[in-house]
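Written below as structure tokens is the structure these notes are about.
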Amino acid sequence: MSQNKRAKTNGGLDDAQPSTSSSNTSQSTPDARALARSEQAKAQLSATDVKKLEVELARFLLFADKKNIPTKKQDIVKHVLKEHSRLLPSVLEGARKYLKQTFDYSVCEVEYNKNKYYILRNNIVLPELQQLTRPAHALSQLALLTIILSMIHMANNALDEADLWETLKILGIDKSETHVDFGEADKLLNEFVKQMYIEKHKLTTSKGLVTQLRWGMRAYHEVKMSDILLFVASIYDVDASVWKKQFSSHDGAMETPSL
Amino acid sequence: MSQSNGNGAEDASSSDQADSTDLRFRYRKLLFQTKEKRSELVRPESTGLLETLEEMNVLFSRVKNPREAVYDSNVLKLTSELGLEQADNLQTNMTVFDRNIFAEKLVTFMDGRCRGSQREKPELDWSKLGKYAATMFNVTAKLDLIYGPLAMESIAKHRAARERNVQRKPTEAEKKKPQQLQQEEQEESTTKEVQRVLKAIHKLTDPDQGTYKHVPFFEFITDPTSFPTTIENMFHLSFLVKDGKVKLYLDDDNTPVVKIDVNNGAVTSTPGSTRAVNPSQVVISMTIQKWNDLIDEFNITKAMIPNIKRRGK
């Protein structure tokens with residue numbers, strides 16, 4: 001089922017596939033064993049205690065989501081579970097259920113640089129609502145993000161950072177200057193990386209040492225590649241089918257050239 | 001027997017050896033050249049890679065040992081990587097996606113002027129694009145507390161600011177407390193203090209551990225660090241004398257001394273009575289002057305009655 005075979009610089013992707021639901025973690029044996037162990041440990045605590053932990057974890061994930069920065073697994077153990085660290089798999093399952101039943105949010109596990117993170121994903125798709133719930137300054141940031149993601153997508157998920165800045169100059173964004181709406185654009189780009197919308201990879205290509213930009217895991221969860229393509233097509237005033245490669249590969253695997 | 005690795009170097013004649021050396025040399029040269037010409041080879045119109053492949057084919061037909069085959073595979077690997085790069089550079093789309101044109105069209109979309117000179121920065125309505133973009137994204141609603149969180153450690157940024165606030169607040173909170181608790185404290189403390197004084201006397205006059213047979217009165221009560229405490233010590237001691245637990249009398253040198261009273265103050269012991277039977281009263285005056293004199297006279301450096309400061313200010 002792993003359609004997303006990405007280059008080895010990215011680490012393995014366990015369950016963070018954009019199109020499939022990510023509510024079952026116990027696909028591989030080590031996870032199943034961890035779940036079994038935590039079920040055992042769970043039996044030692046009273047039901048109310050376990051429920052309390054689940055609720056706390058659900059709240060923790062909700063509040064941590066506020067900044068849009070993914071939650072580290074270690075932070076969960078440190079702040080919520082404390083000494084009951086072994087209970088993580090089963091408590092997480094409980095928290096998952098709460099979030100799913102109350103908000104229809106899925107908890108997606110994402111692996112990056114050998115660390116495990118969790119993000120919340122909204123399963124209810126209401127574009128009209130999305131338009132309304134954003135504050136003004138967030139809209140312009142979102143616009144910039146969309147442009148960057150579009151360019152990365154049209155570059156087959158491998159855009160040189162230098163090329164990005166060159167193009168942004170036309171839009172009035174200079175890397176070295178402070179922008180009226182965005183402030184320091186470089187910082188904003190790093191903010192996007194932190195929120196896992198974009199990934200930065202340092203590679204050696206025929207052009208030397210470059211920083212390559214790719215889609216981040218959160219981008220895959222929150223926006224569809226086909227939508228981005230349609231967006232590009234509408235701006236370019238061209239039919240989307242013209243770009244065959246991108247057209248046929250959305251929602252599927254994008255092979256990054258291994259250099 | 002030992003010739004099991006293919007053609008092995010065992011029975012290689014000198015010509016075979018020379019051949020393989022030559023092969024390796026050629027492969028290495030090919031590898032080096034391909035690396036050098038890398039940027040040139042990946043240009044779409046270049047056919048250099050094809051030529052490399054052809055040369056590889058020629059060389060490979062001469063390969064006998066695994067060692068040379070490894071060289072061959074190295075070159076092949078590099079060639080295929082470059083081929084992939086070249087394919088990427090090939091523009092097979094009829095309509096090429098040009099980033100810069102894309103950017104200019106975006107400017108138009110956002111109601112910006114098309115720039116004449118390079119210096120002018122376009123004034124763009126980013127929120128227009130933002131609204132359009134928002135329909136594509138599916139985000140979770142971000143929670144916010146109206147009055148702010150009560151206790152949230154996960155926001156490290158606020159910790160620094162909160163620490164400063166936290167330090168200011170307790171002083172106000174503490175001020176409120178003494179008003180409520182003072183009464184209770186006053187009632188209990190006297191009893192406790194009296195007990196403490198008694199304990200001190202016990203300790204000092206203990207036949208095993210203690211240093212005194214009877215404790216000299218003035219040295220006992222005086223606290224060189226605090227005048228009020230000295231007064232309090234006297235006060236507590238008076239309770240003990242009243243209850244007959246300690247005896248206050250003049251010793252051989254006519255200095256007042258304090259001692260545990262075994263009979264509980266009864267000259268003729270009456271069972272069940274806790275009061276001294278023959279009470280006699282003494283009035284002792286103490287002023288700050290006298291207190292200082294006492295300290296000097298008896299060289300008192302440390303209070304004999306251990307006291308715990310409860311008056312935190």
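Among the residues of the stretch A:125-144, what is the count of those that are more than 8 Å from chain B (Cβ to nearest Cβ) and assigned to a loop (DSSP other than H, G, I, E, B)? Write out each step before concluding.
Narrowing the stretch A:125-144 to residues more than 8 Å from chain B (Cβ to nearest Cβ): A:126, A:129, A:132, A:135, A:137.
After this cut, where a residue has to be assigned to a loop (DSSP other than H, G, I, E, B) as well, the list is A:126, A:135.
Result for the stretch A:125-144: 2.
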### Message
Based on this model, can you work out whether A:Leu120 counts as part of a helix (DSSP H, G or I), within 19 Å of A:Asn68 (Cβ to Cβ) and within 14 Å of chain B (Cβ to nearest Cβ)?
### Response
no
### Query
Just wondering, is there one or more residues in the stretch A:232-239 that are modelled with pLDDT of 85 or more and outside any helix (DSSP H, G or I)?
no
### Query
Filter the stretch A:171-216 for residues that are in contact with a Gly (Cβ under 8 Å, 6 or more places away or on another chain) and touching a residue at least 60 places away in the same chain (Cβ under 8 Å); which is farthest from the other protein chains (Cβ to nearest Cβ)?
A:Glu199
### Query
What number of residues in the stretch A:145-170 are more than 7 Å from chain B (Cβ to nearest Cβ), of a type outside the set (Phe, Trp, Tyr) and in a helix (DSSP H, G or I)?
12
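Take B:Leu76 and tell me if it is part of a helix (DSSP H, G or I) and surrounded by fewer than 18 Cβ atoms within 10 Å (Cβ to Cβ). Steps first, answer last, please.
Numbers: part of a helix (DSSP H, G or I): yes; surrounded by fewer than 18 Cβ atoms within 10 Å (Cβ to Cβ): yes.
Taking the combined requirement at face value, the residue satisfies it.
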### Query
Could you list, in sequence order, the residues of the stretch A:61-81 that are surrounded by fewer than 22 Cβ atoms within 10 Å (Cβ to Cβ), within 12 Å of chain B (Cβ to nearest Cβ) and over 19 Å from the mean Cα position of the chain (by Cα)?
A:Lys78, A:His79
### Query
Counting just the residues of the stretch B:94-130 that are basic (Lys, Arg) and within 51 Å of the chain's Cα centre (by Cα), which one comes out modelled with the highest pLDDT?
B:Lys105
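It is to be established whether one or more residues within the stretch B:229-248 are in a loop (DSSP other than H, G, I, E, B), closer than 23 Å to B:Ser189 by Cβ, modelled with pLDDT of 80 or more and under 52 Å from the mean Cα position of the chain (by Cα).
In the first step, residues of the stretch B:229-248 are kept if they are in a loop (DSSP other than H, G, I, E, B); the result is B:243-245.
Remaining after also requiring closer than 23 Å to B:Ser189 by Cβ: B:243-245.
Next, only the ones that are modelled with pLDDT of 80 or more stay: B:243-245.
Now drop any that are not under 52 Å from the mean Cα position of the chain (by Cα), which leaves none.
No, that holds for no residue.
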### Task
Looking only at the stretch A:246-254, decide whether some residue is in a helix (DSSP H, G or I), under 30 Å from B:Asp111 (Cα atoms), at pLDDT below 75 and within 9 Å of chain B (Cβ to nearest Cβ).
yes
### Query
Looking at (1) closer than 25 Å to A:Trp215 by Cβ; (2) of a type in the set (A, V, I, L, M, F, W, C); (3) modelled with pLDDT of 85 or more, which is the only condition A:Ala16 fails?
(3)
### Query
Could you say whether any residue in the stretch B:141-158 is assigned to a helix (DSSP H, G or I), at pLDDT below 70 and more than 7 Å from chain A (Cβ to nearest Cβ)?
yes
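Let's see how each residue does on (1) surrounded by 14 or more Cβ atoms within 10 Å (Cβ to Cβ); (2) within 60 Å of the chain's Cα centre (by Cα); (3) not aliphatic (A, V, I, L, M):
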position	(1), (2), (3)
B:Glu40	no, yes, yes
B:Phe60	yes, no, yes
B:Val63	yes, no, no
B:Tyr71	yes, yes, yes
### Query
So which pairs qualify, if the first residue must be in the stretch B:97-112 and at negative phi, the second must be loosely packed, with under 14 Cβ neighbours inside 10 Å and of a type in the set (A, V, I, L, M, F, W, C), the Cβ gap must be under 8 Å, and the two must be at least 6 apart or on different chains?
B:Glu104/B:Cys114; B:Val107/B:Cys114; B:Thr108/B:Cys114
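Could you go through the stretch A:61-77 and let me know if any residue there is assigned to a helix (DSSP H, G or I), over 20 Å from A:Ser106 (Cβ atoms) and not β-branched (Val, Ile, Thr).
yes
Report the residue count in the stretch A:106-146 for those that are basic (Lys, Arg) and closer than 20 Å to B:Ala133 by Cβ. Step through it out loud before you land on a result.
At the first step, the residues of the stretch A:106-146 found to be basic (Lys, Arg) are A:114, A:116, A:121, A:134.
Checking the rest, the ones that are also closer than 20 Å to B:Ala133 by Cβ come to A:121, A:134.
Total satisfying the criteria: 2.
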### Summary
Only one of A:Leu168, A:Leu213, A:Leu229, A:Leu188 is surrounded by fewer than 20 Cβ atoms within 10 Å (Cβ to Cβ) and of a type outside the set (Val, Ile, Thr), namely A:Leu188
### Query
When both residues are 6+ apart or on different chains and their Cβ atoms are under 8 Å apart, which pairs have a first residue that lies in the stretch A:106-128 and is surrounded by fewer than 17 Cβ atoms within 10 Å (Cβ to Cβ), and a second that is aromatic (Phe, Trp, Tyr)?
A:Asn123/A:Tyr105
## Note on the structure
Counting only residues in the stretch A:191-209 that are of a type in the set (A, V, I, L, M, F, W, C) and touching a helix residue (DSSP H, G or I) at 6+ places or on another chain (Cβ under 8 Å), the one surrounded by the fewest Cβ atoms within 10 Å (Cβ to Cβ) is identified as A:Leu203
### Task
Have a look at B:Glu40, B:Glu81, B:Glu85, B:Glu36 and point out the one that is among the acidic types (Asp, Glu) and either more than 14 Å from chain A (Cβ to nearest Cβ) or in contact (Cβ under 8 Å) with a residue 24 or more places away in the chain (or both).
B:Glu85
### Task
Hey, can you tell me all the residues within the stretch A:210-237 that are closer than 24 Å to A:Asp186 by Cβ and of a type in the set (S, T, N, Q)?
A:Thr211, A:Gln212
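Residue by residue through the stretch B:212-249, note down the ones that are basic (Lys, Arg) and in contact with a strand residue (DSSP E or B) (Cβ under 8 Å, 6 or more places away or on another chain). First the steps, then the outcome.
Going through the stretch B:212-249, the residues basic (Lys, Arg) turn out to be B:213, B:242, B:245, B:247.
B:Lys213, B:Lys245, B:Lys247 - these are the residues of the stretch B:212-249 that are basic (Lys, Arg) and in contact with a strand residue (DSSP E or B) (Cβ under 8 Å, 6 or more places away or on another chain).
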### Top-ranked residue of the stretch A:223-239 - restricted to ones that are more than 9 Å from every other protein chain (Cβ to nearest Cβ) and in contact (Cβ under 8 Å) with a residue 12 or more places away in the chain, ranked as farthest from the chain's Cα centre (by Cα)
A:Leu229
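The values are calculated or read from the model by the stated rules, or taken from the named source; none is laboratory data. Note that the structure is predicted; figures quoted are calculated from it, not measured. Reconstructed Cβ throughout: ideal geometry from the backbone, glycine too, with neighbour counts over all protein chains shown.
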